[in-house]
Amino acid sequence: MSTAIWITLLVATAVASFFIGSLITKRQYEHDELEKEVEKARNDLEQFRQDVADHVAHTNKLVGKMQDSYTQLVKHMEETNKLLVAKNDAEVVPFFSQEATEILPETRSNDVTRTEILARNAELQGRLPTL
């Protein structure tokens, strides 16, 4: 074989190797870029899962607080109901204290109606000497 054939074969092999190498390198580069995108997507997904877990935990905590508040409200309403309504539905617990409640019937018997007061005033004014 002549030298020209060897050189031509060597150049053709070099050119073919260059194109094959660049093709392989380009595919490897694309593969590496895809691997980076996959890793970024995995990290984003993990961060999203963590955010959702934190959100659910916070929501559970708020619902627990709301449930406690509702329970306290129900207890308060029951206590208020017990204070305002006696065992007998017709009997209502008085607004005044027990001492005031005991004194009220006594003072009611001593109360004079408005008309009696006005009549008494008129009678007294008729007796008073004018100056």
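No value in this document is a laboratory result; all are computed from the given coordinates. Quick caveat, the model's predicted, so the values are computed rather than measured.
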Setting aside same-chain residues fewer than 8 positions from K61, which lysines have a Cα under 28 Å from its Cα? K75
Decide, for the stretch 17-75, between rounded, prolate and oblate: order the square roots of the alpha carbon gyration tensor eigenvalues as a ≥ b ≥ c, take rounded if a/c falls under 1.5, and otherwise choose prolate if a/b is larger than b/c, else oblate. prolate
